[in-house]
1. How much mean residue ellipticity at 222 nm does the protein assembly as shown get from its helices, if each DSSP H run of length 4 or more adds -39500 (n - 2.57) and you divide by all residues, to the nearest 500 deg cm²/dmol?
2. List the relative contact order of the range A:55-136 as a percent without decimals, with contacts defined as Cα pairs under 8 Å and 6+ residues apart.
3. Taking the Cα-to-Cβ direction at residue B:216 and at residue B:163 and moving 7 Å from each Cα, how far apart do the two end points lie in nm?
4. Per q in 0.10, 0.16, 0.21 Å⁻¹, report the Debye log10 I(q)/I(0) for the range B:107-221, using one uniform scatterer on each alpha carbon and no solvent.
5. Length gain on complete extension for the stretch residue B:84 to residue B:16, per 0.36 nm per residue less the alpha carbon to alpha carbon distance?
6. If each residue of separation counts as 0.36 nm, what is the full-extension length gain between residue B:94 and residue B:31 once their alpha-carbon separation is subtracted?
7. Quantify how strongly other chains surround peptide B:68-74 by giving the mean number of their Cβ atoms within 10 Å of each of its Cβ atoms.
8. Output the Cα-based Rg and Dmax of chain B in Å, rounding Rg to one decimal and Dmax to a whole number.
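Read-outs: derived from the displayed coordinates by stated rules, not from any lab. Not measured: the values here are computed from a predicted model. As a convention, Cβ positions derive from the backbone with ideal geometry for all residues, glycine included, and neighbour counts pool all protein chains shown.
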């Protein structure tokens, strides 16, 4: 009877230990994130625009109204399999591109949109708002 | 007796199941948060990086304007336009960008045009920016300084060939923000009998572009005097204008 009681006590102790260890491990899960995860369409689009205008390329193409060249540059800058549609607005919100800047229309299960503010390194400092819609 | 012994085993198995559930749930929540936070964090970082990058372009555009004769007040006007534009361009909350023009002994209203007669010319624009983003659990306060500077340095000497005939060697070095930079256009002139002359018109004119922001020129002409006065006018690849003059001694 005494031995049986001791075994039950050990069983209960083992069970409690397992749960306690699980709780302890869960509590120690790091709060810091490594920020390496899946990139969203928005993130990829924003990265592409930031990189494109690092040396002012995007601004120069917009300023020169080179819509065809802009489309080609975006085709290269964005990952394959991502569809895009770009609209350029002037400082006061009027759309500028009179042709569609796209690689064939927005296709994909997810469509996201982002805006990028653009300043051009020319004498009058034109400002533009670029709206990029992405599908993937 | 057997049933009672099994009760203990069931207790341990149940504890294992509960522990496993706790750990699995924790791992799932962690992974979900990780993905969400990482993508939002990356997007926000790129947005802020974009604001800083375009602020540099605004400062550069203003320097292009002012260095070509525009009013210094254009710099402040451009920054004010940019502040308003940025405030209206952030859809996830509040975005305030405040620019302060650099003011010191060398800068006036954020601009420094020091086109000296000592062989060194500087065109520079400088402003301090304070960016404040808020909303949707995000609070960012960040300050950065943008200083865009084009600097040209001219040096050289001449060899006296007799009867005021001189072989002149000129070296021009261009820098953007302290690093060697290529020039868009360079106009070199020398002073002869009170008027500025273009050495390209001489048969002896030669130019060497080192490809690293250093340009060397040589030419021969009859230039009276004990020194040769030269002037260099440069537009860098960004369009910023800078010029300087200097007197070249006998080598």
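1. Working: 6 runs with 137 residues, N = 387.
Estimated from H runs of four or more residues: -12500 deg cm²/dmol.
2. On the way: 144 pairs, mean separation 27.7, N = 82.
Relative contact order for the range A:55-136 comes out at 34 percent.
3. In this crude spin-label approximation the distance works out to 2.9 nm.
4. Listed by q, the Debye log ratios stand at -0.46, -0.86, -1.18.
5. Working: separation 68, 0.36 × 68 = 24.48 nm, distance 5.97 nm.
Residue separation times 0.36 nm, minus the Cα-Cα distance, leaves 18.5 nm.
6. Numbers: separation 63, 0.36 × 63 = 22.68 nm, distance 2.92 nm.
Value of the extension gain: 19.8 nm.
7. Across B:68-74, the average partner-chain Cβ count within 10 Å equals 1.
8. My reading of the Cα-based Rg and Dmax gives 31.9, 128 Å.
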